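The values are calculated or read from the model by the stated rules, or taken from the named source; none is laboratory data. Just so it is clear, the model here is predicted, and its values are computed rather than measured. Heads up, the Cβs are rebuilt from the backbone with ideal geometry, glycines too, and the neighbour counts pull from every protein chain shown.
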Amino acid sequence: MNNISGQNAILTGASKGLGVHIARTLAKEGVNLVLTARSVDALEKVRNEILSYNIKAEVIPADLTDTDQIQPFIKEAEQKLGPIDILVNNAGIEISTPYEEFSPDDIQKMITLNLTVPMLLTRGLLPGMLERNRGHIVNISSLAGKTGFPNETPYAASKAGLIMFTHSLRVELTGTKLNASVICPGFVSDDGMYARMEERAGPAPKILKPTTPEKVANGVIRCIKKNISELIINPLPMKPMFMLQEVMPGIKTTLHKAFGTREYAKKVSQNRSKKELQ
Ligand SMILES: NC(=O)c1ccc[n+]([C@@H]2O[C@H](COP(=O)([O-])OP(=O)(O)OC[C@H]3O[C@@H](n4cnc5c(N)ncnc54)[C@H](OP(=O)(O)O)[C@@H]3O)[C@@H](O)[C@H]2O)c1
(Lines give C-alpha, C1' and ligand atoms only; values in the text may rest on other atoms or scores of the structure.)
Protein backbone atom coordinates (compact mmCIF):
# COMPACT_ATOMS: atom_id res chain seq x y z
CA MET A 1 0.00 0.00 0.00
CA ASN A 2 1.78 3.12 -1.17
CA ASN A 3 -0.72 5.79 -0.30
CA ILE A 4 -1.98 6.07 3.26
CA SER A 5 -3.28 9.62 2.89
CA GLY A 6 -6.79 10.07 4.28
CA GLN A 7 -6.56 7.06 6.62
CA ASN A 8 -7.47 7.45 10.31
CA ALA A 9 -5.00 6.49 13.02
CA ILE A 10 -4.80 6.30 16.80
CA LEU A 11 -1.36 7.11 18.18
CA THR A 12 -0.65 6.43 21.86
CA GLY A 13 2.16 8.18 23.71
CA ALA A 14 1.76 11.21 21.45
CA SER A 15 2.63 13.90 24.01
CA LYS A 16 6.42 13.61 24.06
CA GLY A 17 9.47 11.64 22.95
CA LEU A 18 9.16 9.40 19.88
CA GLY A 19 5.39 9.90 19.73
CA VAL A 20 5.78 13.51 18.62
CA HIS A 21 8.03 12.43 15.73
CA ILE A 22 5.63 9.64 14.77
CA ALA A 23 2.69 12.09 14.83
CA ARG A 24 4.57 14.51 12.56
CA THR A 25 5.57 11.77 10.10
CA LEU A 26 2.07 10.27 9.88
CA ALA A 27 0.58 13.76 9.44
CA LYS A 28 3.05 14.51 6.62
CA GLU A 29 1.72 11.37 4.89
CA GLY A 30 -1.80 12.82 5.14
CA VAL A 31 -2.99 10.50 7.95
CA ASN A 32 -5.69 11.86 10.30
CA LEU A 33 -4.84 11.33 13.93
CA VAL A 34 -6.27 10.78 17.37
CA LEU A 35 -3.47 11.72 19.76
CA THR A 36 -3.54 10.28 23.25
CA ALA A 37 -1.45 10.37 26.45
CA ARG A 38 -2.10 11.94 29.88
CA SER A 39 -0.60 15.43 29.32
CA VAL A 40 -3.32 17.54 27.70
CA ASP A 41 -1.24 20.68 27.07
CA ALA A 42 1.55 18.74 25.40
CA LEU A 43 -0.95 16.87 23.22
CA GLU A 44 -2.61 20.15 22.18
CA LYS A 45 0.80 21.51 21.22
CA VAL A 46 1.46 18.49 18.97
CA ARG A 47 -2.05 18.79 17.49
CA ASN A 48 -1.57 22.48 16.67
CA GLU A 49 1.72 21.73 14.97
CA ILE A 50 0.47 18.87 12.79
CA LEU A 51 -2.73 20.63 11.70
CA SER A 52 -0.49 22.54 9.28
CA TYR A 53 -0.31 19.32 7.20
CA ASN A 54 -3.97 19.75 6.30
CA ILE A 55 -5.17 16.70 8.17
CA LYS A 56 -7.73 16.17 10.95
CA ALA A 57 -6.27 15.76 14.42
CA GLU A 58 -8.09 15.18 17.71
CA VAL A 59 -6.79 15.05 21.26
CA ILE A 60 -8.28 12.51 23.69
CA PRO A 61 -6.36 12.50 26.97
CA ALA A 62 -6.38 9.21 28.87
CA ASP A 63 -4.43 7.31 31.48
CA LEU A 64 -4.43 4.04 29.59
CA THR A 65 -3.31 2.03 32.63
CA ASP A 66 -6.91 2.50 33.78
CA THR A 67 -7.99 -0.21 31.35
CA ASP A 68 -11.71 0.47 31.97
CA GLN A 69 -11.14 3.64 29.91
CA ILE A 70 -10.09 1.73 26.79
CA GLN A 71 -13.48 0.89 25.27
CA PRO A 72 -14.90 4.41 25.95
CA PHE A 73 -11.68 5.83 24.48
CA ILE A 74 -12.07 3.81 21.26
CA LYS A 75 -15.73 4.86 21.00
CA GLU A 76 -14.81 8.55 21.39
CA ALA A 77 -11.94 8.21 18.89
CA GLU A 78 -14.26 6.73 16.23
CA GLN A 79 -16.96 9.32 16.97
CA LYS A 80 -14.45 12.13 16.48
CA LEU A 81 -12.44 10.80 13.52
CA GLY A 82 -14.42 7.95 11.99
CA PRO A 83 -13.45 4.27 11.57
CA ILE A 84 -9.83 3.66 12.59
CA ASP A 85 -7.49 2.13 9.96
CA ILE A 86 -4.16 2.34 11.81
CA LEU A 87 -3.25 1.81 15.47
CA VAL A 88 0.24 2.79 16.61
CA ASN A 89 0.90 1.41 20.11
CA ASN A 90 3.77 3.66 21.12
CA ALA A 91 3.08 4.60 24.78
CA GLY A 92 5.48 2.92 27.13
CA ILE A 93 7.32 3.28 30.42
CA GLU A 94 10.62 1.93 31.61
CA ILE A 95 11.97 1.79 35.13
CA SER A 96 15.56 0.85 35.78
CA THR A 97 16.32 -0.86 39.07
CA PRO A 98 17.67 -4.19 40.40
CA TYR A 99 14.81 -6.69 40.11
CA GLU A 100 14.45 -7.35 43.85
CA GLU A 101 13.84 -3.62 44.39
CA PHE A 102 10.89 -3.32 41.98
CA SER A 103 7.60 -2.70 43.75
CA PRO A 104 4.79 -5.05 42.66
CA ASP A 105 2.90 -1.93 41.53
CA ASP A 106 5.70 -0.81 39.22
CA ILE A 107 5.92 -4.29 37.67
CA GLN A 108 2.16 -4.32 37.15
CA LYS A 109 2.12 -0.80 35.70
CA MET A 110 4.85 -1.56 33.17
CA ILE A 111 3.26 -4.80 31.98
CA THR A 112 -0.12 -3.05 31.75
CA LEU A 113 0.97 -0.01 29.72
CA ASN A 114 3.58 -1.76 27.56
CA LEU A 115 1.74 -4.99 26.81
CA THR A 116 -1.86 -5.25 28.08
CA VAL A 117 -2.91 -1.84 26.72
CA PRO A 118 -1.70 -2.54 23.12
CA MET A 119 -3.48 -5.91 23.29
CA LEU A 120 -6.73 -4.34 24.58
CA LEU A 121 -6.67 -1.49 22.06
CA THR A 122 -6.11 -4.03 19.28
CA ARG A 123 -8.92 -6.23 20.65
CA GLY A 124 -11.25 -3.21 20.70
CA LEU A 125 -10.46 -2.12 17.14
CA LEU A 126 -10.19 -5.50 15.42
CA PRO A 127 -13.92 -6.28 14.91
CA GLY A 128 -14.41 -3.01 12.96
CA MET A 129 -11.18 -3.50 11.00
CA LEU A 130 -12.19 -7.08 10.09
CA GLU A 131 -15.63 -5.90 8.98
CA ARG A 132 -14.04 -3.29 6.69
CA ASN A 133 -11.24 -5.74 5.80
CA ARG A 134 -8.53 -3.15 6.26
CA GLY A 135 -6.26 -2.13 9.09
CA HIS A 136 -2.71 -2.09 10.35
CA ILE A 137 -1.45 -2.41 13.93
CA VAL A 138 2.07 -1.09 14.56
CA ASN A 139 3.58 -1.95 17.93
CA ILE A 140 6.65 -0.13 19.22
CA SER A 141 8.70 -2.69 21.11
CA SER A 142 12.43 -2.48 21.85
CA LEU A 143 15.69 -4.36 21.38
CA ALA A 144 15.29 -5.09 25.10
CA GLY A 145 12.48 -7.42 24.02
CA LYS A 146 14.85 -9.28 21.68
CA THR A 147 17.87 -9.71 23.90
CA GLY A 148 16.83 -8.69 27.44
CA PHE A 149 18.29 -5.85 29.45
CA PRO A 150 19.68 -5.96 33.00
CA ASN A 151 17.87 -3.87 35.64
CA GLU A 152 14.98 -3.44 33.19
CA THR A 153 13.63 -6.97 33.50
CA PRO A 154 9.85 -6.20 33.56
CA TYR A 155 10.33 -3.73 30.68
CA ALA A 156 12.22 -6.33 28.62
CA ALA A 157 9.56 -8.96 29.43
CA SER A 158 6.74 -6.61 28.36
CA LYS A 159 8.53 -5.78 25.10
CA ALA A 160 9.26 -9.46 24.35
CA GLY A 161 5.56 -10.13 24.89
CA LEU A 162 4.66 -7.35 22.45
CA ILE A 163 6.91 -8.90 19.77
CA MET A 164 5.27 -12.33 20.08
CA PHE A 165 1.78 -10.79 20.29
CA THR A 166 2.45 -9.10 16.94
CA HIS A 167 3.80 -12.22 15.23
CA SER A 168 0.93 -14.40 16.50
CA LEU A 169 -1.65 -11.84 15.40
CA ARG A 170 -0.02 -11.53 11.99
CA VAL A 171 -0.29 -15.26 11.42
CA GLU A 172 -3.89 -15.21 12.65
CA LEU A 173 -4.76 -12.43 10.22
CA THR A 174 -3.44 -14.30 7.19
CA GLY A 175 -6.02 -14.24 4.42
CA THR A 176 -7.43 -10.85 5.47
CA LYS A 177 -6.22 -7.42 4.40
CA LEU A 178 -5.26 -6.62 7.99
CA ASN A 179 -1.66 -6.62 9.15
CA ALA A 180 0.51 -6.16 12.19
CA SER A 181 4.10 -4.98 12.51
CA VAL A 182 6.51 -4.60 15.37
CA ILE A 183 9.36 -2.09 15.52
CA CYS A 184 12.34 -2.76 17.78
CA PRO A 185 14.42 0.37 18.29
CA GLY A 186 17.64 0.23 20.25
CA PHE A 187 18.69 3.38 22.08
CA VAL A 188 17.23 6.49 20.43
CA SER A 189 19.10 9.79 20.71
CA ASP A 190 17.79 13.37 20.96
CA ASP A 191 14.33 12.71 22.40
CA GLY A 192 12.56 10.21 24.64
CA MET A 193 13.51 7.80 27.41
CA TYR A 194 17.09 7.08 26.33
CA ALA A 195 17.86 10.77 25.79
CA ARG A 196 16.76 11.38 29.41
CA MET A 197 18.78 8.34 30.55
CA GLU A 198 21.83 9.75 28.78
CA GLU A 199 21.44 13.05 30.63
CA ARG A 200 21.52 11.20 33.95
CA ALA A 201 24.05 8.44 33.32
CA GLY A 202 26.05 9.47 30.27
CA PRO A 203 26.12 7.75 26.88
CA ALA A 204 25.54 4.03 26.40
CA PRO A 205 28.52 1.84 25.37
CA LYS A 206 29.72 2.89 21.91
CA ILE A 207 28.94 -0.45 20.28
CA LEU A 208 25.21 0.10 20.98
CA LYS A 209 25.19 3.27 18.90
CA PRO A 210 21.86 5.08 19.13
CA THR A 211 19.49 5.69 16.27
CA THR A 212 17.34 8.80 15.73
CA PRO A 213 13.65 9.44 16.46
CA GLU A 214 13.15 10.26 12.77
CA LYS A 215 14.32 6.77 11.79
CA VAL A 216 11.81 5.20 14.18
CA ALA A 217 9.02 7.45 12.84
CA ASN A 218 9.93 6.63 9.23
CA GLY A 219 9.96 2.99 10.28
CA VAL A 220 6.27 3.24 11.17
CA ILE A 221 5.47 4.40 7.63
CA ARG A 222 7.71 1.71 6.09
CA CYS A 223 6.01 -1.00 8.15
CA ILE A 224 2.56 0.06 6.94
CA LYS A 225 3.46 0.68 3.29
CA LYS A 226 5.70 -2.36 2.84
CA ASN A 227 3.88 -4.60 5.31
CA ILE A 228 7.05 -5.41 7.27
CA SER A 229 6.59 -7.93 10.08
CA GLU A 230 9.49 -6.88 12.33
CA LEU A 231 11.75 -3.90 11.90
CA ILE A 232 15.10 -3.68 13.69
CA ILE A 233 16.07 -0.03 13.56
CA ASN A 234 19.69 -0.39 14.73
CA PRO A 235 20.90 -3.27 12.51
CA LEU A 236 24.55 -3.64 13.55
CA PRO A 237 25.80 -5.43 15.60
CA MET A 238 22.27 -6.47 16.57
CA LYS A 239 21.11 -8.65 13.70
CA PRO A 240 24.13 -11.03 13.72
CA MET A 241 23.91 -11.11 17.52
CA PHE A 242 20.24 -12.18 17.42
CA MET A 243 21.07 -14.94 14.95
CA LEU A 244 23.73 -16.24 17.32
CA GLN A 245 21.37 -15.99 20.30
CA GLU A 246 18.73 -18.08 18.52
CA VAL A 247 21.06 -21.08 18.38
CA MET A 248 22.99 -20.33 21.60
CA PRO A 249 20.60 -18.58 24.06
CA GLY A 250 23.15 -18.84 26.86
CA ILE A 251 25.53 -16.56 25.01
CA LYS A 252 23.45 -13.50 25.95
CA THR A 253 25.20 -13.14 29.32
CA THR A 254 28.64 -13.18 27.68
CA LEU A 255 27.55 -10.71 24.98
CA HIS A 256 26.01 -8.26 27.46
CA LYS A 257 29.21 -8.43 29.51
CA ALA A 258 31.36 -7.85 26.43
CA PHE A 259 29.19 -4.94 25.28
CA GLY A 260 29.26 -3.32 28.74
CA THR A 261 25.46 -3.21 29.09
CA ARG A 262 25.50 -4.58 32.66
CA GLU A 263 27.79 -1.82 33.91
CA TYR A 264 25.79 0.82 32.02
CA ALA A 265 22.49 -0.51 33.42
CA LYS A 266 23.90 -0.25 36.96
CA LYS A 267 24.88 3.36 36.33
CA VAL A 268 21.41 4.15 34.98
CA SER A 269 19.72 2.57 38.01
CA GLN A 270 21.91 4.50 40.42
CA ASN A 271 21.08 7.78 38.70
CA ARG A 272 17.38 7.15 38.11
CA SER A 273 14.99 9.95 38.86
CA LYS A 274 11.96 9.31 41.04
CA LYS A 275 9.98 11.86 39.01
CA GLU A 276 10.29 9.69 35.91
CA LEU A 277 8.66 6.76 37.61
CA GLN A 278 5.27 8.52 37.88
N1 LIG B 1 13.56 6.29 23.44
C2 LIG B 1 14.20 5.14 23.30
O3 LIG B 1 15.44 5.09 23.35
C4 LIG B 1 13.42 3.88 23.04
C5 LIG B 1 14.12 2.72 22.67
C6 LIG B 1 13.41 1.56 22.42
C7 LIG B 1 12.04 1.55 22.52
N8 LIG B 1 11.37 2.68 22.88
C9 LIG B 1 9.91 2.60 22.99
O10 LIG B 1 9.35 3.66 22.26
C11 LIG B 1 8.12 4.08 22.85
C12 LIG B 1 8.17 5.58 23.09
O13 LIG B 1 9.25 5.85 23.97
P14 LIG B 1 9.76 7.32 24.31
O15 LIG B 1 11.22 7.26 24.43
O16 LIG B 1 9.13 8.29 23.40
O17 LIG B 1 9.15 7.49 25.79
P18 LIG B 1 8.71 8.80 26.55
O19 LIG B 1 9.43 9.99 26.07
O20 LIG B 1 8.81 8.46 28.00
O21 LIG B 1 7.17 8.94 26.15
C22 LIG B 1 6.25 7.98 26.60
C23 LIG B 1 4.85 8.35 26.12
O24 LIG B 1 3.93 7.45 26.77
C25 LIG B 1 2.92 8.22 27.44
N26 LIG B 1 2.45 7.57 28.68
C27 LIG B 1 3.20 7.26 29.76
N28 LIG B 1 2.41 6.74 30.72
C29 LIG B 1 1.14 6.74 30.22
C30 LIG B 1 -0.13 6.33 30.72
N31 LIG B 1 -0.26 5.82 31.96
N32 LIG B 1 -1.23 6.46 29.93
C33 LIG B 1 -1.12 6.97 28.69
N34 LIG B 1 0.06 7.38 28.14
C35 LIG B 1 1.17 7.26 28.91
C36 LIG B 1 3.63 9.55 27.76
O37 LIG B 1 2.72 10.62 27.89
P38 LIG B 1 2.15 11.23 29.27
O39 LIG B 1 3.28 11.25 30.25
O40 LIG B 1 1.67 12.57 28.84
O41 LIG B 1 1.04 10.32 29.67
C42 LIG B 1 4.46 9.76 26.51
O43 LIG B 1 3.68 10.34 25.51
C44 LIG B 1 7.98 3.27 24.15
O45 LIG B 1 7.10 2.20 23.95
C46 LIG B 1 9.39 2.79 24.39
O47 LIG B 1 9.41 1.60 25.13
C48 LIG B 1 12.02 3.84 23.14
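Some values worked out for this structure:
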item	result
Check on residue 8, touching a residue at least 12 places away in the same chain (Cβ under 8 Å), within 18 Å of residue 221 (Cα to Cα) and within 8 Å of the ligand (Cβ to nearest atom)	no
Residues of the stretch 129-176 satisfying the condition of being closer than 22 Å to residue 246 by Cα, among the hydrophobic types (A, V, I, L, M, F, W, C) and part of a helix (DSSP H, G or I)	144, 156, 157, 160, 162, 163, 164, 165, 169, 171
Criterion: aliphatic (A, V, I, L, M) and more than 29 Å from residue 254 (Cα to Cα) - qualifying residue of 129, 110	129
Per-region count, the stretch 36-66, residues more than 9 Å from the ligand (Cβ to nearest atom) and either within 11 Å of residue 91 (Cβ to Cβ) or of a type in the set (Gly, Ala, Ser) (or both)	2
Residue, modelled with the highest pLDDT, within the stretch 182-237, restricted to residues that are outside any helix (DSSP H, G or I) and of a type in the set (Asp, Glu)	230
First in the stretch 80-100 and in contact (Cβ under 8 Å) with a residue 24 or more places away in the chain, second anywhere and within 14 Å of the ligand (Cβ to nearest atom) and part of a loop (DSSP other than H, G, I, E, B), Cβ under 6 Å, 6 or more apart	90/13; 91/13; 94/152; 96/152; 96/272
Flag if residue 155 is of a type in the set (Ser, Thr, Tyr), within 13 Å of the ligand (Cβ to nearest atom) and modelled with pLDDT of 95 or more	yes
Count - residues of the stretch 192-209 that are within 20 Å of residue 231 (Cα to Cα) and within 9 Å of the ligand (Cβ to nearest atom)	3
